[in-house]
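Take a look at the structure set out below.
The values are calculated or read from the model by the stated rules, or taken from the named source; none is laboratory data. Quick caveat: nothing in here was measured; it's all calculated off a predicted structure. For neighbour counting, all protein chains shown are included, and Cβ atoms are generated from backbone atoms with ideal geometry for every residue, glycine included. Quick note on the areas: whole protein, heavy atoms, side chains included, nothing else; ligands and nucleic acids left out. Shrake-Rupley method; radii C 1.70, N 1.55, O 1.52, S 1.80 Å.
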Amino acid sequence: MNLLCNSLEPRVMDDDMLKLVVREQGPQEEAGQLAKQEGILFKDVLSLKLDFQNILRIDNLWQFESLRKLQLDNNIIERIEGLENLTHLVWLDLSFNNIEAIEGLDALVNLEDLSLFNNRISKIDSLDALVKLQVLSLGNNQIGNMMNIIYLRRFKDLRALSLSGNPVAKAEDYRMFIWAYLPGLVYLDSRRIDDHMEAGAFPGRKQPVFEKELAEIKHQYSLDELKHRENQIQAQLEEEQAQRKELEEYKAAFVEHLNGSFLFDSMYAEDVEGKKLAYLPSVGELLESYKDKFVIICLHIFEYGLKQQKKRKVELDTFSECVHEAIQENQEQGKHRIAKFEEKHLLSLSAIRDESDMTNIEMKIVEHGKDITELYNVLMTQEMQLVEQLEEMINMFERNIVDLVGLFIENVQSLMAQCRDLETHHHEKLLEICINTLEKIVKGELDEDLPDDVRALFVDKDTIVNAVGTSHDIHLLKIDNREDELVTRINSWCTQLVNKVSDATGLADAPMPLVTSRGAVEICPGERILFAVRNGERNKMKDCRIPH
């Protein structure tokens, strides 16, 4: 930080400062004077220079949403903050400040050039969001650990790095280490890598060895280990990403966590009595058989749900395609009729446009009024036919979607009923085993040793019956909740979808929302064109209205 800043009072980044800076840095000459009179909107500013302002804290930049270049060097800034709205920023200079930690940069996903030269930074981190980073200046800081270099391997576009003036730069192996671990780097500390060669490094080689190649050879073993770990991490990340994507697909089909024993396991997760009763003789085999049958039903629900999701997607895609084709056909018909009209009346329309006498204009319009009125009526009729056609498509689509959802719910409820039947059968068998066990305990005929907490359930018949009943109730509640969740979600999805499509019945006045296969609502590009063409049709005819 310079001495000038030390001699001044800290300043605040308020509106007055920003307006003054914007005016001073705005365009000059006549355009600049006009802009100064009318005022320059912060949201339109692309570059902002705030160096040597003795700024203590970054603030009030939220309005500069289009900013691409920001210069905040030579101030007394202590923290990186207040940059959340600057998502278009490409170049940022925070050099010669009092910053101790890298932070507050998560929103700067487009940043390519970052300078933090001459601060108090001791660790390179918190740059993960800067996926486009190409130039990083961290010279004259307090970075002492060579492992900070390895963190920078994730930035595949990084081409220039400055670390001179840091303790790490004094290490004997500094340059070799960086060249080896950052092979994509072109410039290090303002010097191009591979400008120098070691001709005598390997006497047996006829060709000289470049610095980068020499560094890779020296650190080959460590690099191989690191690459192996990185590949493992990358594979794990890809697997997790695939699992997340898969889960989203299952959620879209409303059958997530039904492709295994998830529901069954959740039934016993909170079932204290059920876990205790599993210690009883024969209950283990009974549980295993119950679980196998239960999971098979869950898999049936899962597979059926995926198939139904594909059918719903086909229905949505078909609807979208039909709407697009109807609009496109209507457009072509309208363009064809307008083209024929223009071909027939081209000279007359040109004469009307060139005529300056209103009396003559009105006379000529009257002469062609019949054809103009006919064209207008044809186009309006054509538009109403499209509206009716689309309304019919919407009604058919709504019926088909509602029928698909209704069938899905009906079959899922039937399969869930089978799960409840299995649970009831298991409950009866478990209760029978428990009563037999109680009788053996009373008679002293039970050969197996039971844990004390399990034996405590067999003090009398009511206690064991209540324990088995509580377990049964928990299981039924889990099944009911999962069924209710599925039915509620798909009904909600269907209702929202139908409502959004139904809202499109005002087709004559506004573009129609088009439902995508993901259940979201978009505007069909063809419709924008259609209404633009219709506006164009009306504009062409606006100067040719028949006088009343």
Task: Residues of the stretch 21-72 classified as over 24 Å from Leu111 (Cα atoms) and either of a type in the set (Phe, Trp, Tyr) or modelled with pLDDT of 90 or more (or both), total - done: 1
Open item on the list: Looking at the stretch 410-423, I want the residues that are basic (Lys, Arg) and have a partner that is surrounded by 12 or more Cβ atoms within 10 Å (Cβ to Cβ) with Cβ atoms under 7 Å, at least 6 apart or on another chain. Which pairs are those?
Closed with: Arg420/Leu476; Arg420/Ile479
TODO: Residue by residue through the stretch 426-452, note down the ones that are surrounded by 12 or more Cβ atoms within 10 Å (Cβ to Cβ) and in contact (Cβ under 8 Å) with a residue 40 or more places away in the chain.
DONE: His426, His427, Lys429, Leu430, Ile433, Cys434, Thr437, Leu450
- [ ] Residue by residue through the stretch 267-298, note down the ones that are among the β-branched types (Val, Ile, Thr) and either more than 23 Å from Asn436 (Cα to Cα) or open to solvent by 50 Å² or more (accessible area, probe 1.4 Å) (or both).
- [x] Val272, Val295, Ile296, Ile297
Open item on the list: Yes or no: the stretch 189-208 includes at least one residue that is surrounded by 13 or more Cβ atoms within 10 Å (Cβ to Cβ), modelled with pLDDT under 85, not aliphatic (A, V, I, L, M) and not in a helix (DSSP H, G or I).
Closed with: yes
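Results for (1) in contact with a helix residue (DSSP H, G or I) (Cβ under 8 Å, 6 or more places away or on another chain); (2) under 30 Å from Trp493 (Cβ atoms), shown as yes or no for each residue.
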{"position": "Arg244", "(1), (2)": "no, yes"}
{"position": "Glu256", "(1), (2)": "yes, yes"}
{"position": "Glu270", "(1), (2)": "yes, yes"}
{"position": "Lys276", "(1), (2)": "yes, no"}
{"position": "Tyr279", "(1), (2)": "yes, no"}
{"position": "Val283", "(1), (2)": "yes, no"}
{"position": "Glu288", "(1), (2)": "no, no"}
{"position": "Val295", "(1), (2)": "yes, yes"}
Task: Residues of the stretch 281-302 classified as under 30 Å from Ala252 (Cβ atoms) and touching a residue at least 40 places away in the same chain (Cβ under 8 Å), total - done: 8
- [ ] Test Ser115 against the criterion of being at pLDDT 95 or above, surrounded by 16 or more Cβ atoms within 10 Å (Cβ to Cβ) and within 31 Å of the chain's Cα centre (by Cα), and give yes or no.
- [x] yes
Open item on the list: Return the residues of the stretch 409-464 that are farther than 30 Å from His300 by Cβ and polar (S, T, N, Q); say none if nothing qualifies.
Closed with: Asn436, Thr437, Thr463
- [ ] Have a look at Arg337, Arg312, Arg353 and point out the one that is part of a helix (DSSP H, G or I), touching a helix residue (DSSP H, G or I) at 6+ places or on another chain (Cβ under 7 Å) and open to solvent by 50 Å² or more (accessible area, probe 1.4 Å).
- [x] Arg337
Task: Pairs where the first residue, in the stretch 381-394, is within 23 Å of Asp317 (Cβ to Cβ) and the second is open to solvent by 10 Å² or more (accessible area, probe 1.4 Å) and not β-branched (Val, Ile, Thr), C-beta under 6 Å, 6+ apart - done: Leu386/Asn330; Val387/Ala508; Met393/Cys322
Open item on the list: I'd like to know if the stretch 402-413 contains one or more residues that are surrounded by 15 or more Cβ atoms within 10 Å (Cβ to Cβ), under 30 Å from Gln333 (Cα atoms) and modelled with pLDDT of 90 or more.
Closed with: no
- [ ] Determine if the stretch 518-527 includes at least one residue that is closer than 30 Å to Glu392 by Cβ, surrounded by 13 or more Cβ atoms within 10 Å (Cβ to Cβ) and either hydrophobic (A, V, I, L, M, F, W, C) or at pLDDT 80 or above (or both).
- [x] yes
Open item on the list: Name the single residue that is surrounded by the fewest Cβ atoms within 10 Å (Cβ to Cβ) among those in the stretch 315-334 being more than 30 Å from Asn411 (Cα to Cα) and within 32 Å of the chain's Cα centre (by Cα).
Closed with: Glu325
- [ ] Taking Asn98 as the residue in question, decide whether it is out of contact with any strand residue (DSSP E or B) (no Cβ under 8 Å at 6 or more places or on another chain) and part of a loop (DSSP other than H, G, I, E, B).
- [x] yes
Open item on the list: So, in the stretch 60-73, how many residues would count as being part of a loop (DSSP other than H, G, I, E, B), touching an Asp or Glu at 6+ places or on another chain (Cβ under 8 Å) and either among the acidic types (Asp, Glu) or open to solvent by less than 20 Å² (accessible area, probe 1.4 Å) (or both)?
Closed with: 2
